[in-house]
Amino acid sequence: MGPTSNNFHWLANSYLGSKSLLAPVAQQTLMAKIAIFCKASFSHGMGHLVRQSHIAKTLRDRGNDISFFIPDYSPAQIWLDRYGLPHQTSNDAEEISGDIVILDMQDTTTAFIKKLRQNKNAVVSFEDLGEGRNHVDLLIDCNLDKEKSTGLPALFGHNYAVLAEEFETCHSKKRAFKKSIESVLITFGGTDPHGLTPALAKKLLRVQPNLSITLLAGPGSKNISALKDLASKNEKVKLLESTSEMAQTLFTHDAVFCGGGITLHEAMAVGTPAFVINQVAHQAIKTDRAEKHGAAMNLGMADSWDENRLPEILQSGAETREKMSQAGKKLIDGKGLKRVADAIEALCRGGN
């Protein structure tokens with residue numbers, strides 16, 4: 001039988017205040033059954049799925065049994081197959097069962113969470129903006145300050161930004177800043193639903209013809225032909241259709257143009273100045289928060305971003321970019337994956 005909300009209110013708050021609570025967890029084999037339900041589509045992108053795949057791999061490596069429940073979306077299925085993560089197509093909460101159910105779907109309803117609870121599951125939800133967030137056992141949101149967790153069993157703050165393991169290592173690397181920007185990475189998530197990548201590349205080259213540009217296309221991109229054409233016509237443009245070394249790819253560029261999703265946090269972790277064009281409204285909130293701390297620049301929404309700032313960006317000096325870099329690394333240290341995995345295992349342990 002699943003644990004009570006009161007138990008997990010205590011557990012989450014204790015975790016926030018004490019690392020010792022979770023210290024024994026990593027030393028034991030829990031063998032929990034963990035079901036992960038997340039959205040993925042051309043319009044929603046792949047960020048939710050990628051985040052959960054990092055968590056799933058870590059929990060699997062610790063001996064837990066992992067299963068994904070995802071929409072019927074081919075790029076998502078291919079992504080999970082790549083890492084040997086089992087999955088099935090499902091949109092029905094009644095089909096989901098496990099010691100813990102992890103949700104990464106952003107807008108849950110009270111009815112949906114209560115339906116899950118009929119199976120006696122403990123429920124963890126990520127960045128949940130729906131009313132269902134008030135009824136889960138643990139709410140995780142790296143975009144909200146700790147102070148906003150009042151009354152909720154929650155882990156809030158940048159310490160819980162979930163990134164691939166490589167970002168913890170790359171975070172500690174020192175980087176040198178050139179007098180001007182010579183290379184940029186352009187990436188707008190797994191799908192680039194607004195087709196920003198080729199248009200932005202062309203605008204940047206008009207401002208600085210000798211700029212080296214790497215175009216990173218995600219698994220759901222529909223711009224591949226346009227990107228290949230652009231790369232074939234300009235020797236300064238390189239196309240990557242995928243990368244297994246995202247941290248290093250970000251680290252080797254002077255700046256990145258990206259959306260306000262997970263890539264923004266990845267850039268902050270390795271200290272790459274980020275210039276952000278938001279894909280959806282909630283990303284703008286995250287970007288504003290990063291900009292307030294000096295870690296990024298918010299260029300606006302995909303349908304109305306300020307291209308007049310491109311010359312200013314490309315001419316930004318080393319000191320400006322170094323300040324952005326240090327601000328980002330101060331906020332995100334790349335260790336969030338371990339913290340979140342520990343918290344999820346502590347949740348399971350608390351229910352036994």
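The values are calculated or read from the model by the stated rules, or taken from the named source; none is laboratory data. These figures come from a predicted structure and were not determined experimentally. Note: ideal-geometry Cβ built from the backbone for every residue, glycine included; neighbour counts use all protein chains shown.
Details
- Of all the listed residues (266, 182), the sole one being under 23 Å from residue 288 (Cβ atoms) and out of contact with any Lys or Arg (no Cβ under 6 Å at 6 or more places or on another chain) is 266.
- Of the residues making up the range 157-186, those that are polar (S, T, N, Q) and in a helix (DSSP H, G or I) are 159, 169.
- Members of the range 294-315 found to be among the polar types (S, T, N, Q) and crowded, with 19+ Cβ neighbours inside 10 Å, listed by number: 298
- Taking the criterion of being among the acidic types (Asp, Glu) and assigned to a strand (DSSP E or B), the only residue of the range 82-124 that qualifies is 104.
- Scanning the range 29-78 for residues being small (Gly, Ala, Ser), closer than 18 Å to residue 100 by Cα and out of contact with any Gly (no Cβ under 8 Å at 6 or more places or on another chain) gives a total of 3.
- Under the condition of being surrounded by fewer than 19 Cβ atoms within 10 Å (Cβ to Cβ) and more than 16 Å from the chain's Cα centre (by Cα), the residues counted in the range 240-280 number 5.
- Identification of helices (runs of 4 or more DSSP H) wholly contained in the range 191-286 with 2 or more residues that are within 20 Å of residue 178 (Cβ to Cβ) yields 196-207, 246-251, 262-270.
- Of the residues in the range 140-156, none is surrounded by 23 or more Cβ atoms within 10 Å (Cβ to Cβ), in a helix (DSSP H, G or I) and not assigned by TED's automatic domain parsing to the domain that holds residue 244.
- Count of the range 281-323 residues, restricted to those that are under 24 Å from the mean Cα position of the chain (by Cα), farther than 27 Å from residue 175 by Cα and polar (S, T, N, Q), is 2.
- Scan of the range 50-68 for residues that are touching a residue at least 40 places away in the same chain (Cβ under 8 Å) and over 14 Å from residue 337 (Cα atoms), ordered by number: 64
- In summary, residue 36 fulfils each of the numbered conditions (1) assigned to a helix (DSSP H, G or I); (2) at pLDDT 80 or above; (3) touching a helix residue (DSSP H, G or I) at 6+ places or on another chain (Cβ under 6 Å) with the single exception of condition (1).
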